[in-house]
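None of the figures in this text is laboratory data; all of them are computed from the coordinates on show. Given the structure is predicted, the values throughout are model-derived calculations rather than measurements. A quick note on method: Cβ atoms are made from the backbone with ideal geometry, for glycine too, and the neighbour counts reach across all protein chains shown.
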Amino acid sequence: MTLVGHTLTGAAIGVLCKPKHTSKKWQVAYFCVFVLLANAPDLPFRHWGHNRYDVSHSVFVALLAIAIATGLLASWKTARTKIGGWRTIIGGAAAWLSHLLLDSFYNHGRGIAIFWPFSGSRLALPIPWFSVVTASTRFTSHGLREYLVELASYLPVLLLAVGLRGILRKEP
């Protein structure tokens, strides 16, 4: 999956978890964090991302990172209160974990080593209209087509989240 699908999904989860009363500056930072979390398994670090797909796309590695971050935030009451509490923390975890599910929708022949290091099993739930964009096809007509397919597939998810947020905000 490209940055487009992960970004839109992370933003949608962020919309649903955003604290009610925040400044515009805080909202920008908030959504940047949700987008970053949704793209975290692909970040270009050594021994991470597409260099170590098994490590960065493992649910156990994700849960370990989430547990560490949650522990740090839970011990820092001021930060937990300022970011919106447990709803935001759970939403951040969902944004990271969404990456694993979304990547399983692509048939790149590898699947996701979701249970690494405990199992070599791979999760593959390919959806026919999604195709892989590689570094060599990123700026070609194939890459552009895939960006548009992801935009058409995941923008409605973001719009649905915005609509749900509006409905939920109107409740007493």
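For the reader, a short list of remarks on this structure follows.
- Selection within the range 118-140 - aliphatic (A, V, I, L, M), assigned to a loop (DSSP other than H, G, I, E, B) and free of Cβ contacts under 8 Å to residues at least 40 places away in the same chain: ALA124, LEU125, ILE127, VAL132, ALA135
- In the range 157-172, the residues that are in a helix (DSSP H, G or I) and more than 16 Å from the chain's Cα centre (by Cα): LEU159, LEU160, VAL162, GLY163, LEU164, ARG165, GLY166, ILE167, LEU168, ARG169, LYS170
- Residue match in the range 104-117 (condition: closer than 26 Å to PHE60 by Cα, without any contact (Cβ under 8 Å) to a residue 24 or more places away in the chain and not polar (S, T, N, Q)): yes
- Members of the range 24-66 found to be loosely packed, with under 13 Cβ neighbours inside 10 Å and basic (Lys, Arg), listed by number: LYS24, LYS25, ARG46
- Taking each residue of the range 48-62 that is aromatic (Phe, Trp, Tyr) and looking for partners that are assigned to a helix (DSSP H, G or I) and surrounded by fewer than 17 Cβ atoms within 10 Å (Cβ to Cβ) with beta-carbon atoms closer than 8 Å, six or more apart or interchain, yields TRP48/VAL55.
- Meets criteria (closer than 21 Å to LEU160 by Cα, of a type outside the set (Asp, Glu) and touching a strand residue (DSSP E or B) at 6+ places or on another chain (Cβ under 9 Å)) for LEU101: yes
- Residue in the range 93-111 that is surrounded by 18 or more Cβ atoms within 10 Å (Cβ to Cβ) and among the polar types (S, T, N, Q) present: yes
- Members of the range 3-28 found to be under 11 Å from the mean Cα position of the chain (by Cα) and hydroxyl-bearing (Ser, Thr, Tyr), listed by number: THR7, THR9
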